[in-house]
Amino acid sequence: MNIRYKTVTIWNENDWSAAAPLYDEALPPQGRKTARHIRRILDTLSGALHLAEDPSGETAAMAVTGDLPELGAMLIDYIAVRGTMRGRGVGRGMVEYLEKTARQNGKRAVVVEIEADPTPANERRERFWTSLGFTRTEYVHRYRWVPEPYRALYKPLREDAALPLVGEVLFRSITAFHRNIWQG
């Protein structure tokens, strides 16, 4: 499938309008940031919005990423694929695009956090990430502001990545990113 990718680092209502329906479809309201928070990620240069368009120009996938400077890593904060496009390699293609973008920006690794409760949906998510070469950490993190627990997974992009393989350390950086966005 011929997918065209785009990374946005400056807020644009048209780009958000293309991403928002997928974001709303894939993520429950209690577990996601508002458009104001997503805009803050871009306005503070803390991350980017990424779009994948199918050949008809429809948005097939979207992602929001953040910068974890102390780790030299990119955080995949959210990723969503249009329901009708799931199971067709679009999510895999988006992650590959994000890895390429991270490498081009000098990042040593990519980190993602996923829900840790042992549900079938969460287990499918973990299988997806590990099938892409991500390694699961054992530590389970509990945020004060959301009820579900999370686990970090990481993927080195270079041999010298030297990431701390301990989930608690990864979550210090992830939490600092979230705190910056939510407190603004």
Exercise. Over the chain, average the accessible area per residue using a 1.4 Å probe and give it in Å², no decimals.
Key: 50 Å²
Quiz item: In a solvent-free Debye calculation with one equal scatterer on each Cα, what is log10 I(q)/I(0) for the stretch 64-184 at q = 0.16, 0.17, 0.20 Å⁻¹, listed in the order of the q values?
Solution: -0.77, -0.88, -1.21
Quiz prompt | Partner aspartates and glutamates for K107 [C-alpha distance under 17 Å; skip if fewer than 8 residues away on the same chain] | solution = D67, E70, D77, E96, E99, E159, D160
Quiz item: If you build a Gaussian network model of the chain, linking Cα atoms that sit under 10 Å apart, which residue out of M74, M85, M94 swings the most?
Solution: M85
Quiz item: Which percent of the accessible area of the stretch 85-149 is formed by carbon and sulfur heavy atoms (probe 1.4 angstrom)?
Solution: 47 percent
Self-check item: Spatially proximal lysines relative to K100 (Cα-Cα < 21 Å; intrachain offsets below 8 disregarded)
Solution: K6, K155
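The values are calculated or read from the model by the stated rules, or taken from the named source; none is laboratory data. Everything quoted here is computed from the prediction, not taken from an experiment. These accessible areas exclude ligands, DNA and RNA; they are computed on the full protein's heavy atoms, side chains included. Shrake-Rupley method; radii C 1.70, N 1.55, O 1.52, S 1.80 Å.
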